[in-house]
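Down below is the structure, laid out as structure tokens.
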Amino acid sequence: MTSASANLTIDTDDGPMPAYEASTKGEPRGGIVVIQEAFGVTSHIEDVARRLADAGWHAVAPSLFHRQGSPVFDYDDLASVMPAMQQLTAAHVETDVTAAFDYLDSIGFGPSRTGIVGFCMGGTVTFVAATLRPVGAAVTFYGGGVRQGRFGLPGLIDLAPSLQTPWLGLFGDLDKSIPVEDVEALRAATAAVAIDTEIVRYPDADHGFHCNDRPAVFNPHAAADAWHRTLTWFDDHLAG
């Protein structure tokens, strides 16, 4: 399939939120929210949206930094990234995720036909989103805050009992910011929930292993396997 892409604006309770939208040619199978990295809605995140559209989904990637002018940071500009990320609150996350879900609902993708996937900071947001309302499926790529919470929220381990959405977590063992023991504690916490969950670890993968714009950490094998699992998770859990 060949996808088409465009920029749009989604209304939120905190004002307009820019987003990148990718639509499939033909009848879409459902809608997917793509949650940005800590670096913003980067070219990699836009590429993820287009790849989802090529796979038959209607994808939208909202800018969670819209309150700050929707900046996009270089991957080596951590001095700017951290303050921007730290301005996000739990209320902001809920507002923005809800608006993105509501947008997809307004164009015909109800909760059972809606999924969400996020990377880095967005992986954490995705897990939080999966606790806010039941949608079809959620996938987290190397989302932090597993034990020590972010955005003023508890850690993902403590949030796990609130999961309402089938959730897949994808982590690299070489990720210094997410220790393996934390990933295994999250596995135990999510396995205790009466909903479909799975965690996959990649022994030779670092944080950001899916991002081919970061050659220092990009792991082609892990990225390909994780992407295949992502599409399969959506195929298996989203209605329609």
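Here are some notes:
- Checking A53, A99, A91, A84 one by one, the residue that is surrounded by fewer than 16 Cβ atoms within 10 Å (Cβ to Cβ), of a type in the set (G, A, S) and either in a helix (DSSP H, G or I) or modelled with pLDDT under 95 (or both) is A91 and no other.
- Considering only residues in segment 109-127 that are in contact with a Leu (Cβ under 9 Å, 6 or more places away or on another chain), among the polar types (S, T, N, Q) and within 27 Å of E27 (Cα to Cα), the one that is surrounded by the fewest Cβ atoms within 10 Å (Cβ to Cβ) turns out to be S112.
- Of all residues in segment 140-172 being under 26 Å from H221 (Cβ atoms) and out of contact with any strand residue (DSSP E or B) (no Cβ under 6 Å at 6 or more places or on another chain), the one that is surrounded by the most Cβ atoms within 10 Å (Cβ to Cβ): L156
- Filter result for R67 (among the basic types (K, R), over 17 Å from the mean Cα position of the chain (by Cα) and either at pLDDT 95 or above or not in a strand (DSSP E or B) (or both)): yes
- Those residues of segment 112-127 which are in a strand (DSSP E or B) and either in contact with a Gly (Cβ under 7 Å, 6 or more places away or on another chain) or among the acidic types (D, E) (or both), in sequence order: T114, G115, G118
- Test: residue in segment 194-212 that is of a type in the set (G, A, S) and either closer than 23 Å to D76 by Cβ or touching a residue at least 60 places away in the same chain (Cβ under 8 Å) (or both): yes
- Every condition in (1) touching a Gly at 6+ places or on another chain (Cβ under 7 Å); (2) of a type outside the set (D, E, K, R); (3) outside any strand (DSSP E or B) is met by T140 except one, and the failing one is (3).
- Filter pass, A130 being assigned to a helix (DSSP H, G or I), free of Cβ contacts under 8 Å to residues at least 40 places away in the same chain, surrounded by 15 or more Cβ atoms within 10 Å (Cβ to Cβ) and in contact with a strand residue (DSSP E or B) (Cβ under 6 Å, 6 or more places away or on another chain): yes
- Subset of segment 1-25 that is under 16 Å from I35 (Cα atoms), without any contact (Cβ under 8 Å) to a residue 60 or more places away in the chain and of a type in the set (A, V, I, L, M, F, W, C) - its residue that is surrounded by the most Cβ atoms within 10 Å (Cβ to Cβ): A22
- The condition of being under 28 Å from R113 (Cβ atoms), crowded, with 24+ Cβ neighbours inside 10 Å, touching a Ser or Thr at 6+ places or on another chain (Cβ under 9 Å) and touching a residue at least 60 places away in the same chain (Cβ under 8 Å) does not hold for V34.
- Every pair of residues 6+ apart whose Cβ atoms lie under 8 Å, when the first sits in segment 55-72 and is of a type in the set (D, E, K, R) while the second is part of a loop (DSSP other than H, G, I, E, B): R67/D14; R67/Q87
The values are calculated or read from the model by the stated rules, or taken from the named source; none is laboratory data. Keep in mind that this is a model prediction, so the values were computed, not measured. Every residue, glycine as well, gets a Cβ built from its backbone with ideal geometry; the counts of neighbours run over all protein chains shown.
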